[in-house]
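Have a look at the structure below before the remarks.
The values are calculated or read from the model by the stated rules, or taken from the named source; none is laboratory data. Quick caveat, the model's predicted, so the values are computed rather than measured. No Cβ is skipped: glycine too gets one built from the backbone with ideal geometry, and neighbour counts run over all protein chains shown. Surface areas here come from the heavy atoms of the whole protein model, side chains and all, with no ligands, DNA or RNA. Shrake-Rupley method; radii C 1.70, N 1.55, O 1.52, S 1.80 Å.
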Amino acid sequence: MNDATLAVGSLQAQPGTKVRGTRQADLGTLTADIPVTLVNGTRPGPRVVITAGVHGGEFTPIEAAARLADLLEPGEVSGQVIICPVANPPAVYQGRLNVSPVDGVNLNRVFPGDPDGGPTERLAAWLFTHLVDGADVYIDLHCGGIDQVLRDFVGYRLTGDPDLDKATAELAGSFGIEDVILGLTPEGGNSHAAAARRGVSAVLVEVGQLGRRDEATALRRVDGLLKALRHLGVLDQDGSAPAPIREWVWSGGATAEATGLWYPEFSFDADVIGEVAEGDLLGRIIDPTDGTEHTVHAPADGRIFYGMHGLTVAPGKELAALAVPWNPDTAARADTFQAPGMGAGSDEADPRP
């Protein structure tokens, strides 16, 4: 029997109970109410933390996390599950952007945070201290934001710890998502990278695009989470076999070098975003004042996993993220891969992966 109390601050769930509430995070100049659901199973098992709403404008992950919190019953759970559907309230409720309206900082670039830093750095530290630290498994849910087309994928980081990397690879393959993208190092400020550095089996799950909140995508996301929880032994197995996966690594990213109107050459349908070769035309940025055209070319070979759908762009805005099939023989040559930039669609990669 599980006899351990599950607690986030003063919010506590005894074995065999489910408790919902909010915890207040002190961000220095303001506070944020963080919603959490604690599901404490009746049998021993892993502690799994699931977050969504790290970015604003990504609605389907929030919807899926909320649905999962409704579905899980303690009597069916082995171990403990902590679900936080809105990890970044300022960005979700006020900005609906990747960056917080409080300080202009992208939360998924500053993990594990700084309790003495700015508001978003403090929020990252709060999330790690109260949710992620002490977890066995961490699943961070994302999707293509309101101006992003994106192919579904799961991402994780290689740490060099064979047991941890094996467990995380198996977790990444359990969601029923065909494409898995490996980060070649655990460095950087992404949530799952920071968790991996602390020995937590951590993945990023990107499902859906354009921030859409539709029933089919929400159900697909919840189904993937249930598959992962069965794989982890949190829920009883249903006898289904894992789906085959394809492994990739980032090969490059294209960013805007001018302000203007973006006209991509690739499809807006994420299911048919195709392969490009280095030097291929990705699109054009047109200056609305005088019609000056700036062409954008692929910096490397690869499949486009993320593409900018929005019309208006400024220098530094990520336009596309490219990945190539994973070949273990390249593992010792991580510096040969140019990671994508700062867009939410490439959360698997930092500016320096």
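Calculate the translational D of segment 187-283 in whole µm² s⁻¹ from Stokes-Einstein, where the hydrodynamic radius comes from the Kirkwood formula applied to all Cα pairs, the temperature is 10 °C and the viscosity 1.306 mPa s. Write down the numbers at each step before the final one.
Details: Rh = 17.6 Å.
Roughly 90 µm²/s, to the nearest whole number.
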Mind checking the dipole of segment 83-242: about its Cα centre, +1 per Lys or Arg Cβ, -1 per Asp or Glu Cβ, Debye to the nearest 20?
280 debye
Using only Cα atoms, figure out Rg for segment 174-226 and give it as a multiple of 2.2 N^0.38 Å.
1.33
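What is the percent carbon and sulfur in the accessible area of the chain, measuring with a 1.4 Å probe over the protein chains and ignoring ligands?
Here it works out to 50 percent.
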Expressed as an acute angle from 0 to 90° and rounded to the nearest 10, what is the orientation of the C-alpha long axis of helix 59-71 relative to the principal long axis of the chain?
20 degrees
Taking amide H positions as placed in the peptide plane 1.01 Å from N, state which residues far from S267 in sequence (5 or more) or on other chains have amide H under 5 Å from it.
G274
FRET efficiency for A4 and R246 from the Cβ-Cβ distance with R0 = 45 Å, rounded to 0.05, comes out at 0.70
Mind checking which of H55, H294, H192 has the largest fluctuation in a GNM of the chain, springs on alpha carbons under 10 Å?
H294
Amide hydrogen neighbours beyond the local backbone of I34, cut-off 5 Å, H modeled
R23, Q24, A25
Are there chymotrypsin sites (Phe, Trp or Tyr not before Pro) in segment 204-290 that DSSP marks as loop and that have at most 15 other Cβ atoms within 10 Å, and which are they?
F268
Report the rotationally averaged projected area of segment 79-180 based on its alpha-carbon convex hull, in square nanometres.
7.8 nm²
Relative contact order for segment 37-80 using alpha-carbon pairs under 8 Å, separation at least 6, rounded to a whole percent?
70 percent
Can you compute 3J(HN,Hα) from phi for each residue in segment 130-136, using the Karplus curve 6.51 cos²θ - 1.76 cosθ + 1.60 with θ = phi - 60°, rounded to whole Hz and x for Gly and Pro?
8, 10, 6, 4, x, 7, 8
Helix 162-172 sits at what angle to the longest principal axis of the chain, using alpha carbons and giving 0 to 90 degrees rounded to 10?
80 degrees
If you fit an axis through the alpha-carbon atoms of helix 215-231 and take the longest principal axis of the Cα set of the chain, what angle between them do you get, 0 to 90°, nearest 10?
50 degrees
T22 versus R284: modelled label distance in nm, points set 7 Å from Cα along the beta carbon direction
4.9 nm
With a 1.4 Å probe and all protein chains left in place, how much accessible area per residue does the chain have, in Å²?
40 Å²
All alpha-carbon distances of segment 42-112, grouped into 10 Å bins from 0, give the whole-percent distribution 21, 41, 25, 13, 1
So for the chain, averaging the separation of alpha carbon pairs under 8 Å that are six or more residues apart and normalising by length, what relative contact order in percent results?
15 percent
Neighbourhood charge, 12 Å Cβ-Cβ cut-off, centred on S100 and excluding it, Lys, Arg +1 and Asp, Glu -1
+1
